[in-house]
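Worksheet: one structure, shown below.
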Amino acid sequence: MSLRDYFYINKSDRRIILALLLLGMVAFVAVGVLDEDVPAETPSSANAKWRGGASQTQKAEPYYQVEAHRVERFPFDPNTADSTQLLRLGLQPWQVRNIYRYRASGGIYRSKTDFARLYGLTVKQYRELEPFIRISSDYQPASTLVAHDDGAQRDTLRYTAKLHEGETVSLNLLDTAALQRVPGIGSYYARRIVAYGQRLGGYASVKQLNEIDDLPADVQKYLQVTGDSHIRRLSINHLSLNELRRHPYINYYQARAIIDYRRQHGTITDLQQLSLLPDFPPEAIARLRPYISYQ
């Protein structure tokens, strides 16, 4: 239709034609906008369509098919299993690292429940792995090697037969093993009793055990001191100051007083000669007397 013909059309028809033209222009613009939103087809998308098959009803296959990690179940020792085995069991890499760190720090899994303490291990994982945990006997406590005898006979090296009520033993003739037969005395007190007796030069009385801190007083009824032949005596007229002060009953000032007395008055024939000195009260002389020799 030419422009000349357009003016010969009546007014009503011209409106219809104008409306159709406007509608066509709108449709044209809309198609252009939609085409811009649709992404261009890439070679990879084209390949995907091609791999989808000739039929539109078939689903397009992925480019690569990755096989999922397969979890296996087999007996294992958490103390010796390597990372490959632990990963095959379904543990995560960070859980495997925690196991390695625990073992590197000296940790040992001694039971199945010890493995349950693994940081990050879930209840489900532990229940699935528990039937397959095998702890080697090499990692069990060494005490399990000792057989327990429930009979009347007991190992005398591990169990010391105690004295009965009314039985006594000589205090100066006992070593640490014999002292442990006394009720109330174990290895600790036995060592202290022997060590103090050596410092004294032997016990002159059972009451001297009161000088050992915290020693139970009840032990004295099982001990006795017979004679003084086992006492080592101090030569008060010949020992030096340092030699005298080594005895528990002579301190530095008393040792110096003895040396000064010998220098001023000569030989000491009786401890009573020292009673006039302020460092030797009657009780000090009494407890020192059994350990003094005047030769």
For the stretch 197-202, in residue order, the Karplus 3J(HN,Hα) values (coefficients 6.51, -1.76, 1.60; θ = phi - 60°; whole Hz; Gly and Pro = x) are x, 5, 5, 6, x, x
Between Ile292 and residues 5 or more places away or on another chain, the pairs with built amide H atoms under 5 Å apart involve Leu234
note: the stretch 163-234, Cα-Cα separations exceeding 14 Å make up a percent value of 55
Phi angles of the stretch 75-84, converted by Karplus (6.51 cos²θ - 1.76 cosθ + 1.60, θ = phi - 60°) into ³J(HN,Hα) in whole Hz with x for Gly and Pro, give x, 8, 10, x, 7, 10, 4, 8, 5, 5
Note on the stretch 153-295: C-alpha Rg/Rh, Kirkwood Rh, two decimals, gives 1.08
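Each value in this text was obtained by applying a stated rule to the coordinates, not by laboratory testing. In this text, all values refer to a predicted model and were calculated from it rather than measured experimentally.
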